[in-house]
Amino acid sequence: MKYAGLGVGAAAASALGLPVNAKVAANQGQPPSKPAQTEVTDKSGKRLAAGGEIVWTKIAKKAAPADVTVDPAKPAQTILGFGAAFTDASCFTLSRLGDSDRASLLQTMFGQEQHALSMGRIPMGASDYSTAAYSYDDGAADPELKRFSIDHDRDYILPTLRAALSANPDLFLFASPWSPPGWMKYSNSMLGGNIRPENIPTYARYFQKFVEAYATSGVNLRAVTTQNEVDADQGGRMPACPWPEEDEERLVVALGPLLEASGTKIWTLDHNYNLFGRALDQLSRPRFKKYVNTVAWHGYVGSPEMMGKVKEKFPDVEMHWTEGGDDYKSGDYLTNWSKWGATFAGILANGPQSITMWNLALDEHGRPNIGPFDCGGLVQIHSQTKEITQTGLYWALVHHARAFRRGAVIVASHDPNGDAAAVNGALISQPASSSTVTATPNSVVASRVYHTAAKNPDGWLVLVLTNPGDAKEVTVVCGGQTAKIALTADSITTLRWS
């Protein structure tokens, strides 16, 4: 399917400047003028397959309520994009492919005429998905950071990032640290433990040097988060560093002035929905809010409507969903696109402007991995045969990436189920255990159809419908017209019309 008007690069050059809540032109409420194009992924083997056109007709006077009503006159957030994390493990896994195979895969994933991913998260030093634990200043205490170097990243991380940027020059990249260098911490190790408060100013300069070194290497970082999972220590089993609120505020106040020249934004939290109270408290503090206007969320604990509590209190705050993924041992790992389609509907109903998944690529055993979890990659690359397998999560993500382009405005869509808090469909509850590695729903209601609608920069409306159950026919209403859509079983269907 070709998309007109993809040239949003100039507008996206300062992508964080996209409006959070965009106005919708008055003519968006007009009836559809053309049949809807469709694109389908389902268990029959279809993957982003072009379907038949859907014809719109006038609504009959005594027609039954529609299954989904799209209301373009009610806009919400503006989309920045969809993507995944360029972990050390992911970049190492991709580096084991031949040059042409790697370039082809990245072009397919990030090319805007193909699968259209446009977000990337970069661990700032080692995460649990690394070949080894490392920082950019290992060894004895070095308060002047004379030893600082990103040489570790020059082998396969920076080349992978540059290849992805070649596929999509407008790729939005942000970085997250899992731990300061061990010598900055009470534990003298990257594996858990808090930073010594007296080292916070030095750590702020460490951030600055990282952003500047990456820029010199041809990779510009649009944002950094203060810490991956500010409230997690992980029992010393992996790189981690808990941050009390007062210490994170000290870091923000020290870091803010250092990043002003580069224009790199600071995002807070980078952790689960259930920590919304912490975000509310921090954003209420003028010293903190001066440098931070964005909350990053993970989907492992809590439920998406918790994000809405922050949005309600601070309407101007931007929000991004920055981590979630699958267990490669799950029986439905390769086919669970409907679970993820339902999850994305719940996320987008509550304000985030982007969705970035966990590892971009891992092998068939979820490796390399120095941590305790069994996460799977967005794509799986066999360690011996180098065969590339796309997962269920992959197909769900690229359906949304192709549908909702950078600058798209999410608009209201309603169904008869009566979820008072749901603008775009069901709000999905998340697992209650912090040790859970996946951010998939506890349950998906098979009889429901989950939905998200938007208007793209090219002027076309899009609607993504996720049907986790049996085949069914649904009616969609927009602008006084209606259409009948036959949804195949266990499917995601994108409709696009003007």
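The values are calculated or read from the model by the stated rules, or taken from the named source; none is laboratory data. Treat the numbers as computed from the prediction; the structure is a model and nothing was measured. Cβ: placed from backbone, ideal geometry, glycine included. Neighbour counts: every protein chain shown. Just the protein is used for accessible areas: all its heavy atoms, side chains included, with ligands, DNA and RNA removed. Shrake-Rupley method; radii C 1.70, N 1.55, O 1.52, S 1.80 Å.
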Fill in the blank from the handout: Asserting the computed 222 nm helical MRE of the chain (DSSP H runs at least 4 long, -39500 (n - 2.57) per run, divided by residue count, to nearest 500) equals -6500 deg cm²/dmol
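Using a simple charge model, +1 on the beta-carbon of Lys and Arg, -1 on the beta-carbon of Asp and Glu, nothing else, what dipole does the stretch 231-280 show about its Cα centre, in debye to the nearest 20?
On the way: 4 positive and 9 negative charges, 36 e Å.
Around 180 debye, computed over the stretch 231-280.
Need the full-extension length gain, R47 to F148, defined as separation in residues times 0.36 nm minus the C-alpha distance. One decimal, nm.
Details: separation 101, 0.36 × 101 = 36.36 nm, distance 4.54 nm.
Gain on extension, R47 to F148, equals 31.8 nm.
Applying 1/(1 + (r/R0)^6) with R0 = 22 Å to the Cβ-Cβ distance of K58 and K34, what FRET efficiency is obtained, to the nearest 0.05?
Details: r = 15 Å, r/R0 = 0.70.
So, using R0 = 22 Å, E works out to roughly 0.90.
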Handout entry: 1.4 Å probe accessible area per residue over the chain, in Å²
Key = 36 Å²
Fill in the blank from the handout: So for the stretch 265-317, using the alpha carbon gyration tensor with a ≥ b ≥ c as root eigenvalues (a/c under 1.5 gives rounded; past that, a/b versus b/c decides prolate or oblate), I'd call it prolate
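Any chance you could run the full-extension gain for R205 through S383? It's 0.36 nm times the residue separation minus the Cα-Cα distance, nm to one decimal. The partial results should precede the final answer.
Numbers: separation 178, 0.36 × 178 = 64.08 nm, distance 3.81 nm.
Difference between extended and current length: 60.3 nm.
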Problem - Residue among A116, N199, L255 farthest towards the positive dipole end of the chain, charges placed on Cβ - result: A116
Problem - Paramagnetic label zone (point 7 Å from Cα along Cα-to-C-beta, K329; backbone N under 18 Å) in the stretch 126-154 - result: 129
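Which GluC sites (Glu not before Pro) does the stretch 229-323 hold that lie in a coil by DSSP with at most 12 other beta carbons within 10 Å? Show your work: numbers first, answer last.
Working: sites: E229, E245, E246, E248, E249, E260, E305, E312, E318, E323; in loops: E229, E260.
Taking the stretch 229-323 and a limit of 12 other Cβ atoms within 10 Å, the loop GluC sites (Glu not before Pro) found are E260.
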Handout entry: A215/E364 FRET efficiency (R0 30 Å; Cβ-Cβ; nearest 0.05)
Key = 0.25
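Just the number, please: percent antiparallel of the DSSP beta bridges in the stretch 270-397, rounded to the nearest 5. Numbers along the way, then the final one.
Details: 4 of 14 bridges.
The antiparallel fraction comes to roughly 30 percent.
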Handout entry: Long pairs among K74/K472; K146/K289; K34/K484, criterion Cα-Cα beyond 22 Å
Key = K74/K472; K146/K289
Handout entry: Inter-centroid distance (Cα atoms) of the stretch 59-89 relative to the stretch 187-235, Å
Key = 35 Å
Problem - Considering only the chain, percent of DSSP beta bridges that pair antiparallel, nearest 5 - result: 55 percent
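Report, to two decimal places, the Cα Rg of the stretch 287-427 normalised by 2.2 N^0.38 Å (N = number of residues).
Here the Cα radius of gyration is 1.17 times the empirical estimate.
Return the loop-located chymotrypsin sites (Phe, Trp or Tyr not before Pro) in the stretch 293-339 (DSSP other than H, G, I, E, B) with at most 14 other Cβ atoms within 10 Å of their own Cβ; answer none if there are none.
Working: sites: W297, Y300, W321, Y328, Y333, W337; in loops: Y300, Y328, Y333.
Sparse-neighbourhood loop chymotrypsin sites (Phe, Trp or Tyr not before Pro): none present.
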Fill in the blank from the handout: From the Cα centre of the stretch 141-156 to that of the stretch 256-298, the distance in Å is 26 Å
Practice task
Taking just the C-alpha trace of the stretch 199-291, give me its Rg and Dmax in Å.
Solution key: 13.6, 38
Completion exercise
Once S95 and A73 are pulled to full extension, the length gained, defined as 0.36 nm per residue separation minus their Cα-Cα distance, is 3.3 nm
